[in-house]
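FYI, it's all coordinate maths here, none of it is from the lab. Not measured: the values here are computed from a predicted model. Note: ideal-geometry Cβ built from the backbone for every residue, glycine included; neighbour counts use all protein chains shown.
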DNA sequence: TCTCCTATCATACGAACGTATGAATGAATC
DNA sequence: GATTCATTCATACGTTCGTATGATAGGAGA
């Protein structure tokens with residue numbers, strides 16, 4: 001599983017061969033077929049294993065303490081935490097998106113969970129007068145989630161020796177994302193909160 | 001080229017075979033080798049062909065009229081225009097990012113151009129007092145560019161029959177992105193501009 | 001000790017891959 | 001009309017792919 005996860009993330013579904021995975025895992029070539037039935041089944045298992053903890057984390061934040069702004073910030077931080085702990089995960093999410101096909105069930109479930117929790121936070125934030133009016137919760141949700149995902153991924157890409165993000169720490173990136181999202185959503189006059 | 005572009009975008013580099021591409025293009029199997037030399041050379045040609053117009057467009061916006069806020073908005077709209085006219089492009093950009101390897105030269109050039117132009121806009125916006133203080137231009141640039149990319153891609157994914165973005169038009173998506181970015185960067189008190 | 005049963009192993013199979021090769025084609029040049 | 005030359009075409013090569021198969025191993029339960 002660990003090898004599959006890394007190689008699928010790095011090279012995509014077609015690019016990661018069963019041979020490469022089993023060799024990396026120091027297992028026999030037949031191991032995938034025996035334990036999972038097929039390469040595709042292994043892939044689905046990996047995706048589910050990657051996304052399930054994210055769903056749990058998101059649900060926990062949503063049930064957590066604080067007002068809407070606190071919980072929004074916690075949501076962004078939860079994404080960062082999750083993506084930092086699982087360096088291969090963003091690639092998976094983007095591969096799913098980039099493929100453009102109907103997403104497989106665990107992806108669909110994760111999208112539904114995240115969007116649902118964000119919509120609740122937005123609604124509460126508007127009710128409390130903490131947030132600006134939000135015209136479309138789904139679009140705003142995408143805008144918010146885009147921050148951790150894009151920043152982590154692109155940050156990795158631009159963080160190289162000569163890249164524009166060279167030397168920028170993970171903490172700085174997270175604080176930037178939180179500030180950016182907060183600023184975009186908070187109602188003018190509530191900035192102190 | 002057109003077939004290669006579509007199939008590379010849809011299935012990734014490894015997932016799109018020369019046979020599939022040439023069949024789709026109603027060309028001979030040998031056409032790729034003859035005209036480009038190898039599959040990899042074809043891929044590089046496709047990436048360059050996809051990114052070059054984007055670089056031109058970004059440069060044009062940066063040289064265009066208006067204050068920093070106008071040009072920032074124009075930049076976001078330019079991305080939407082570009083991505084709408086080239087439906088396969090976002091996948092390419094994300095595949096490059098997801099692969100995590102050293103980006104190939106056209107990608108590197110595009111990143112440099114976009115980030116550079118955005119940094120100029122930010123600096124001018126701060127100087128004019130139109131923008132909030134921007135702590136890190138590169139991070140803020142990523143946050144801005146994440147909007148069109150993520151919204152177009154995820155919008156496609158969530159726009160299905162039962163998706164949360166079903167029925168949301170391209171125009172609404174673009175207006176949302178412009179508003180989101182504008183709100184996140186404009187200095188309080190300048191909202192009327 | 002013998003019997004299961006699960007797991008690992010080496011190996012084989014057909015299909016699909018990227019690439020190479022030489023013949024056919026057909027418009028341009030003389 | 002003959003020649004040239006850039007393309008197209010059918011086909012072949014060796015490799016790698018996902019999967020299937022039968023042998024082997026080794027601990028658990030009788």
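Of note:
- Separation in nanometres of the label points that stand 7 Å from Cα toward Cβ, at residue B:187 and residue A:84: 3.3
- Neighbour counts of C-beta atoms inside 10 Å place B:47, B:32 in the sequence B:32, B:47, starting with the fewest.
- A crude spin-label estimate for the pair residue A:128 and residue A:23, with each label 7 Å from Cα along the Cβ direction, gives 5.4 nm.
- Inter-copy label distances at residue B:190 (7 Å, Cα→Cβ; nm, one decimal): 2.4
- Rounded to 10°, Cα long-axis angle of helix B:137-158 versus longest principal axis of chain B: 60
- For residue B:63, label point 7 Å along C-beta direction: distances to other copies, nm: 5.8
- Shielding by other protein chains, A:129-135, mean Cβ within 10 Å: 1
- Taking every residue in B:88-95 and counting other chain Cβ atoms within 10 Å of its Cβ, the average works out to 4.
- The C-alpha atoms of segment B:1-43 occupy a region whose extents along the principal axes are 23, 20, 14 Å, arranged from largest to smallest.
- Kirkwood radius for segment B:123-193, taken over all pairs of different Cα atoms as the inverse mean of 1/r, rounds to 13.6 Å.
- Rounded if a/c under 1.5, otherwise prolate or oblate - segment A:78-129, Cα gyration tensor axes: oblate
- Computed from the alpha carbon positions, the gyration tensor of segment B:53-193 leads to an equivalent ellipsoid with semi-axes of 25, 20, 13 Å, biggest first.
- With neighbours defined as other Cβ atoms within 10 Å of a residue's Cβ, the residues B:186, A:121 order from fewest to most as B:186, A:121.
- Distances, shortest first, from the label point of residue B:10 to those at the same position in the other copies read 3.0 nm; the point lies 7 Å along Cα to C-beta.
- Shielding of peptide B:57-67 by partners, expressed as the average count of other chain Cβ atoms within 10 Å per residue Cβ, is 0.
- Helical runs assigned H by DSSP (4 residues or longer) give the protein assembly as shown a calculated mean residue ellipticity at 222 nm of -24500 deg cm²/dmol, each run adding -39500 (n - 2.57) before division by the residue total.
- Put simply, the C-alpha atoms of the protein assembly as shown give a gyration tensor, and the ellipsoid matching it has half-axes of 34, 27, 18 Å, longest first.
- Taking N as the residue count of segment B:1-130, its C-alpha radius of gyration divided by 2.2 N^0.38 Å amounts to 1.25.
- Expected-Rg normalisation [2.2 N^0.38 Å, Cα atoms] applied to segment A:1-78: 1.49
- Highest-fluctuation residue, A:57, A:108, A:182 considered, GNM on chain A with Cα pairs under 10 Å: A:108
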